[in-house]
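A.B. asks: The following block contains the structure, expressed as structure tokens.
Taken together, the values in this text are just the output of simple stated rules run on the coordinates, not laboratory data. Here the structure is a predicted model, which is why all the values come from computation and not from measurement. A quick note on method: Cβ atoms are made from the backbone with ideal geometry, for glycine too, and the neighbour counts reach across all protein chains shown.
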Amino acid sequence: MKELRSQKICSEKILAAIAKVPRHFFLDSTFEQFAYTNKAFPIPAGQTISQPQTVAQQSELLNCSPGDKVLEIGTGSGYQCAVLCELGMKVYSIERQKELHNMAVSLLAEMGYEPTLYYGDGYKGKEVFAPYKGIIVTCGAPEAPSSLLGQLTIGGRLVIPVGDSGDGKKQRMLTYDRISETEFTKQDHGSAAFVPMLVSKSRG
Ligand code: SAH
């Protein structure tokens with residue numbers, strides 16, 4: 001926590017939310033003793049739980065307030081989702097690995113969080129509940145999907161690591177602010193390292 005505070009990448013409000021979410025619940029017991037170190041760890045299905053610094057940075061960049069509707073792509077362990085719930089946001093989250101989706105459904109309910117979780121392909125977003133004030137992608141996408149940009153409210157923001165780790169290019173943490181029906185402004189917030197965003201299993 002001291003390390004996060006010293007990096008000044010996020011507000012006290014976000015540090016307080018991170019402090020409230022017991023990260024060891026989201027890790028395999030093998031890694032439990034390291035739960036509060038600033039590292040990413042493997043979770044089932046070959047995926048990773050983001051490091052607290054990344055969760056802090058993305059939560060800050062999302063720039064949302066309590067009550068705002070936000071969509072997360074890549075529920076994974078459910079850790080980032082829990083932090084957003086702790087911040088008082090109304091959270092929808094999509095995961096394409098059934099095993100991880102099922103684990104997050106039971107764990108987050110047990111912990112008393114009430115996000116709406118879906119098993120499916122995050123590329124499509126979740127049109128039925130759009131528009132969102134914020135959309136946070138927690139896997140590395142080749143580009144910002146137009147379907148997600150289209151589900152932002154005007155004044156809303158997409159936070160997305162772009163650059164497939166597979167193509168040798170470095171990922172960048174980008175934000176896209178929707179300033180009108182058709183216009184977006186893009187900002188680069190530095191390098192990023194996420195597992196790749198994959199296409200839906202049903203599409204191969
Ligand atoms: N937010 C997570 C990070 C998990 S890693 C956490 O806090 O633990 C990224 C996750 O994105 C993985 O679980 C992976 O299965 C998922 N993912 C990859 N491509 C996806 C897609 N197209 N749609 C939804 N989820 C996807």
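A.B. asks: Give me the one-decimal nm value for the distance between modelled label points at Ala109 and Ser65, 7 Å along each residue's Cα-to-Cβ direction.
C.D. replies: 3.3 nm
A.B. asks: Here is a follow-up. How would you rank 134-145, 184-195, highest first, on the average number of other Cβ atoms within 10 Å across their residues?
C.D. replies: 134-145, 184-195
A.B. asks: Given a Förster radius of 30 Å and the C-beta distance between Arg5 and Thr116 as r, what FRET efficiency does 1/(1 + (r/R0)^6) yield to the nearest 0.05?
C.D. replies: Efficiency computed from Cβ-Cβ geometry: 0.45.
A.B. asks: Moving on to the next point. To make sure I understand the rule: partners must be aspartates and glutamates, Cα under 16 Å from the Cα of Lys2, and not fewer than 8 residues away in the same chain. Which ones qualify?
C.D. replies: Here the aspartates and glutamates satisfying the reach criterion relative to Lys2 are Glu12.
A.B. asks: Do the sum for the chain: with -39,500 (n - 2.57) for every DSSP H run of n ≥ 4, divided by all residues, what is the mean residue ellipticity at 222 nm, to the nearest 500 deg cm²/dmol?
C.D. replies: Only helices count here, giving -7000 deg cm²/dmol.
A.B. asks: Using 7 Å Cα-to-Cβ label points, what is the Ser146/Ala19 separation (nm, one decimal)?
C.D. replies: Simple spin-label model gives 4.6 nm for this pair.
A.B. asks: Using only alpha carbon pairs under 8 Å that are at least six residues apart, calculate the relative contact order of the range 118-196 and give it in whole percent.
C.D. replies: Normalised by residue count, the contact order of the range 118-196 is 27 percent.
A.B. asks: FRET efficiency for Phe129 and Glu99, Cβ-Cβ distance as r, R0 = 25 Å, nearest 0.05?
C.D. replies: The calculated FRET efficiency here is 0.55.
A.B. asks: Quick one: go through the range 46-81 and flag any residue whose amide nitrogen is under 18 Å from the point 7 Å out along the Cα-to-Cβ line of Asp28.
C.D. replies: 46-51, 76-79
A.B. asks: A further question on this structure: Filter the trypsin sites (Lys or Arg not before Pro) in the range 14-107 to those in DSSP coil with at most 10 other Cβ atoms within 10 Å of their Cβ, and list the result.
C.D. replies: none
A.B. asks: Where does the chain land on Rg/Rh, using Cα atoms and the Kirkwood Rh?
C.D. replies: My calculation puts Rg/Rh at 0.93.
A.B. asks: Here's something else I'd like to know. With each label point set 7 Å from Cα along the Cα-Cβ vector, what nm distance links Gln187 and Thr153?
C.D. replies: 1.9 nm
A.B. asks: Can you list the GluC sites (Glu not before Pro) in the range 35-107 that are in a DSSP coil and have 12 or fewer other beta carbons within 10 angstrom?
C.D. replies: none
A.B. asks: Defining a contact as two alpha carbons under 8 Å apart and six or more residues distant in sequence, what relative contact order in percent does the range 7-192 show?
C.D. replies: Computed over the range 7-192, the figure is 15 percent.
A.B. asks: Quick one: Leu108, Leu15, fewest Cβ neighbours within 10 Å first, how do they rank?
C.D. replies: Leu15, Leu108
A.B. asks: How many angstrom lie between the Cα centre of the range 1-58 and the Cα centre of the range 68-115?
C.D. replies: First find each Cα centre; the distance between them is then 15 Å.
A.B. asks: While we're looking at this one, here's another question. Aspartates and glutamates within cross-link reach of Lys126: Cα-Cα under 19 Å, excluding same-chain residues under 8 positions apart?
C.D. replies: Straight-distance partners of Lys126: Asp68, Glu72, Glu95, Glu114, Glu143, Asp177, Glu181.
A.B. asks: Which residue, Ile43, Ile160, Ile73, has the most motion in a Gaussian network model of the chain that connects Cα atoms within less than 10 Å?
C.D. replies: Evaluated over the chain, the most mobile residue of the options is Ile43.
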